[in-house]
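*Asks:* To start, I am sharing the structure in question, which I have written as structure tokens.
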Amino acid sequence: TFPKWGERTAGDKKSSPDPEFIGKTIKDHAIFRSRYVVCADETVQLSETNDIFNFFNDTSLLTQSTDPFGLRGTSERSSPLEWMIIIEDSILAFSATTQFQIRAADADVLTPLTGEIFRLSNLDMNPNVRPKLSGSQVLFATQYFGYTHFREFNFYNNTRNTKVGLNLGSSLDVT
């Protein structure tokens with residue numbers, strides 16, 4: 001049987017609004033650090049910690065570190081998100097025109113107060129092909145002059161005092 005979705009137990013639609021994916025097509029989903037993560041339209045929504053089917057706050061009076069939250073990826077162009085990839089301590093989110101990274105800002109724990117989404121690049125991507133993690137890089141398909149190409153992004157582990165995030169300077173057109 002499928003578990004029951006969480007319901008609003010505190011506040012109202014104004015103080016504890018519905019998750020942003022309600023009424024929209026969910027494009028991808030994953031489990032990340034005891035949270036269920038879904039992407040729909042331009043938002044990534046993370047569930048309550050250790051209660052992965054609850055997307056409503058337990059209280060409307062204060063923000064707790066375990067509360068669910070959402071982040072909106074913004075760019076110069078509309079960027080409905082298509083795919084997500086979990087990489088170490090962050091999530092990479094891909095749209096047809098933009099690539100984003102979701103991570104904790106200046107902290108080790110991703111919470112409603114530390115979560116951030118920032119744009120990595122504005123490379124056109126083929127939204128019909130899921131990006132893939134391949135060793136120490138992410139491969140994703142692009143379209144140029146009527147042909148499919150693959151680009152690779154290299155990323156590094158920050159616990160070994162190496163570069164954090166993707167090295168966009170070395171994103172290569174590999175085929």
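*Asks:* Which of the lysines could a cross-linker bridge to Lys132, judged by Cα under 30 Å and excluding same-chain residues fewer than eight apart?
*Replies:* Lys24, Lys27, Lys163
*Asks:* Tell me whether the chain comes out rounded, prolate or oblate; compute the Cα gyration tensor, take square roots of the eigenvalues as a ≥ b ≥ c, and use a/c under 1.5 as the rounded threshold.
*Replies:* Here the chain falls in the prolate category.
*Asks:* Working out 0.36 nm times the residue gap between Tyr147 and Ile31, then minus their Cα-Cα distance, what length gain in nm do you get to one decimal?
*Replies:* So the extension gain works out to 38.4 nm.
*Asks:* Give me the lysines in straight-line cross-link reach of Lys4: C-alpha distance below 18 Å, same-chain residues under 8 apart excluded.
*Replies:* Leaving aside lysines fewer than 8 places away in the same chain, none come within reach of Lys4.
*Asks:* While we're on this one: List the relative contact order of the chain as a percent without decimals, with contacts defined as Cα pairs under 8 Å and 6+ residues apart.
*Replies:* Taking the mean separation of contacting Cα pairs over the length of the chain, I get 13 percent.
*Asks:* Still on this structure, I have one more. Amide H to amide H under 5 Å from Thr142: which residues, 5+ apart in sequence or cross-chain, H placed 1.01 Å off N in plane?
*Replies:* Under 5 Å from the amide H of Thr142: Asn126, His149, Phe150, Arg151.
Quick note: the coordinates plus some simple rules give every number you see, no bench work behind them. Quick caveat: nothing in here was measured; it's all calculated off a predicted structure.
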